[in-house]
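Asker: Submitted below is the structure of interest, expressed as structure tokens.
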Amino acid sequence: MADAFFKPISGMELPRFAGIPTFMRLPHVSEDHSRAGDVQIGLVGLPWDGGVSNRPGPRHGPRQLRDYSTMIRAQHAASGLRPFEAANCADLGDVGPNPVDNPDTLRRFEEYFARLETRGIRPLVAGGDHLCTLPVLRGLARGAPLGLVHFDSHTDLFPPYFGGTTLTHGNPFRSAVEEGLLDPKRMIQIGIRGTMYDAEDRDFAKAHGIRIVTIEEFFDRGIDDVMAEAREIVGDRPAYMSYDIDFVDPSVAPGTGTPEWGGPNAYEAIRVVRECAGLNIVAADLVEVSPPFDPTGGTAWLGASLMFEMLCVMVAAL
């Protein structure tokens with residue numbers, strides 16, 4: 001049972017358009033807050049897109065996701081779960097990036113999540129571009145590699161671009177495997193599609209035993225069958241969930257930097273997260289929401305809704 005301090009503000013107490021926005025109207029608890037040690041799941045913003053290779057904008061994602069998440073209510077409509085009564089959840093704020101120094105930003109993020117891991121706080125992260133995932137994993141998975149459920153239209157398994165060493169949002173999972181942060185035999189990537197430079201990412205996946213489910217296979221087999229396989233691959237050991245908003249079709253979620261046509265609709269996007277119920281998800285992220293490319297804000301509203309679905313899966317795993 002959650003502590004009353006961690007109860008979010010209800011729309012019946014204060015209108016949702018009023019007050020200072022926090023993730024899901026939860027209390028803001030900084031690292032030095034007197035209640036920081038009681039947090040079980042911490043929602044964290046990583047407002048940084050230094051890994052973007054083409055269209056920037058996800059640095060603005062966490063702020064808009066916070067604002068739109070004030071529409072989240074207390075109870076999951078399908079399962080009946082009331083996550084804020086089952087676990088102490090809080091908005092831990094943003095981790096400040098260094099916008100002119102990528103390596104320094106990656107170090108700052110890694111050190112922050114290592115501190116959360118030491119305190120036993122499970123993070124639910126709002127990015128930022130997908131390179132943000134790598135320092136989160138570096139901070140959390142130093143002791144043992146995690147499994148991975150990855151929803152995306154891209155594998156992010158490429159080597160650094162242009163023959164260099166600088167990491168981008170196209171590399172985080174390749175680096176995570178090479179650094180021993182993820183167990184490739186317990187990884188599944190779902191929704192992969194779009195044109196390709198070459199097959200180097202697919203070759204890496206095949207060589208390491210990473211399961212890729214293309215969008216064609218996803219729709220041919222259906223959600224139930226694909227997600228049953230995902231649960232089997234990941235098993236019951238600790239795992240990470242990473243959700244790139246470009247997994248969703250851009251007709252539904254245009255606010256992202258690298259959209260790919262032919263993806264799931266909004267209900268399908270939500271349902272795949274629900275089908276992760278029962279997995280031991282110890283951390284998760286929602287990345288690549290780019291407000292400049294969606295003036296309507298619909299992408300961020302879907303992103304906030306997905307974060308609530310992810311939170312429910314994480315709460316059930318405690």
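The values are calculated or read from the model by the stated rules, or taken from the named source; none is laboratory data. Owing to the predicted nature of the structure, the values given are computational and were not obtained by experimental measurement. Cβ placement follows ideal geometry from the backbone for every residue including glycine, while neighbour counts extend to all protein chains displayed. Heads up: the accessible areas ignore ligands, DNA and RNA and are worked out on the full protein's heavy atoms, side chains in. Shrake-Rupley method; radii C 1.70, N 1.55, O 1.52, S 1.80 Å.
Asker: Return only the number of the condition from (1) more than 19 Å from GLY257 (Cβ to Cβ); (2) buried (at least 23 other Cβ atoms within 10 Å of the Cβ); (3) without any contact (Cβ under 8 Å) to a residue 60 or more places away in the chain that ALA90 does not satisfy.
Answerer: Only one criterion is unmet by ALA90, namely (3).
Asker: Which of the residues belonging to the stretch 246-268 are open to solvent by less than 40 Å² (accessible area, probe 1.4 Å) and of a type outside the set (Gly, Ala, Ser)?
Answerer: The answer is ASP246, PHE247, VAL248, ASP249, PRO250, THR256, GLU260, PRO264.
Asker: Let me ask something else. Does TYR243 fit the bill of being among the aromatic types (Phe, Trp, Tyr), open to solvent by less than 10 Å² (accessible area, probe 1.4 Å) and closer than 23 Å to ALA78 by Cβ?
Answerer: Considered against the rule, which asks whether it is among the aromatic types (Phe, Trp, Tyr), open to solvent by less than 10 Å² (accessible area, probe 1.4 Å) and closer than 23 Å to ALA78 by Cβ, TYR243 comes out as yes.
Asker: Here is a follow-up. Restricting attention to the stretch 33-49, which residues are within 9 Å of ILE121 (Cα to Cα) and assigned to a strand (DSSP E or B)?
Answerer: ILE41, GLY42
Asker: Under the condition of being among the β-branched types (Val, Ile, Thr), modelled with pLDDT of 95 or more and closer than 23 Å to PRO254 by Cα, which residue from the stretch 150-198 is most open to solvent (accessible area, probe 1.4 Å)?
Answerer: Of everything passing the filter in the stretch 150-198, THR195 is most open to solvent (accessible area, probe 1.4 Å).
Asker: Right, next: Return the pair list, or none, for Cβ contacts closer than 8 Å from residues in the stretch 68-81 that are within 11 Å of LEU26 (Cα to Cα) to residues that are open to solvent by less than 20 Å² (accessible area, probe 1.4 Å) and among the small types (Gly, Ala, Ser), at least 6 apart or on different chains.
Answerer: Pairs that qualify, where the first residue is within 11 Å of LEU26 (Cα to Cα) and the partner is open to solvent by less than 20 Å² (accessible area, probe 1.4 Å) and among the small types (Gly, Ala, Ser), are SER69/ALA304; ILE72/ALA304.
Asker: Hey, another quick one. Being in contact with a strand residue (DSSP E or B) (Cβ under 9 Å, 6 or more places away or on another chain), under 22 Å from HIS169 (Cβ atoms) and open to solvent by less than 20 Å² (accessible area, probe 1.4 Å) is the filter here, so list the residues in the stretch 57-74 that pass it.
Answerer: PRO58, GLY61, PRO62, LEU65
Asker: Filter the stretch 141-173 for residues that are in contact with a Phe, Trp or Tyr (Cβ under 9 Å, 6 or more places away or on another chain) and among the hydroxyl-bearing types (Ser, Thr, Tyr) and give the result.
Answerer: SER153, THR155, THR168
Asker: Sticking with this structure for a sec: Considering only residues that are of a type in the set (Val, Ile, Thr) and closer than 18 Å to GLY51 by Cβ, which ones fall in the stretch 229-249?
Answerer: ILE245, the sole residue that qualifies.
Asker: Right, something else. I'd like to check something: does the stretch 23-36 contain any residue that is of a type in the set (A, V, I, L, M, F, W, C), touching a residue at least 12 places away in the same chain (Cβ under 8 Å), out of contact with any Cys (no Cβ under 9 Å at 6 or more places or on another chain) and open to solvent by 60 Å² or more (accessible area, probe 1.4 Å)?
Answerer: no
Asker: When the residues of the stretch 141-158 are filtered to those that are small (Gly, Ala, Ser) and in contact with a Lys or Arg (Cβ under 9 Å, 6 or more places away or on another chain), which remaining residue is nearest to ARG174 (Cα to Cα)?
Answerer: Restricting to residues being small (Gly, Ala, Ser) and in contact with a Lys or Arg (Cβ under 9 Å, 6 or more places away or on another chain), the top hit is GLY147.
Asker: Could you check how many residues of the stretch 45-81 are within 17 Å of VAL313 (Cβ to Cβ) and out of contact with any helix residue (DSSP H, G or I) (no Cβ under 9 Å at 6 or more places or on another chain)?
Answerer: Selection size over the stretch 45-81: 2.
Asker: Out of the strands (runs of 3 or more DSSP E) lying entirely within the stretch 199-318, which hold 1 or more residues that are over 17 Å from the mean Cα position of the chain (by Cα) and without any contact (Cβ under 8 Å) to a residue 60 or more places away in the chain?
Answerer: Once the strands (runs of 3 or more DSSP E) in the stretch 199-318 are filtered for at least 1 residues that are over 17 Å from the mean Cα position of the chain (by Cα) and without any contact (Cβ under 8 Å) to a residue 60 or more places away in the chain, what remains is 211-214.
Asker: Would you check if there is a residue in the stretch 204-211 being surrounded by 14 or more Cβ atoms within 10 Å (Cβ to Cβ), in contact with an Asp or Glu (Cβ under 7 Å, 6 or more places away or on another chain) and modelled with pLDDT of 95 or more?
Answerer: No, that holds for no residue.
Asker: Could you check how many residues of the stretch 108-133 are crowded, with 24+ Cβ neighbours inside 10 Å and under 16 Å from GLY180 (Cα atoms)?
Answerer: 1
Asker: Within the stretch 1-57, count every residue that is at pLDDT below 95, hydroxyl-bearing (Ser, Thr, Tyr) and within 19 Å of GLU85 (Cβ to Cβ).
Answerer: Residues meeting the conditions: 1.
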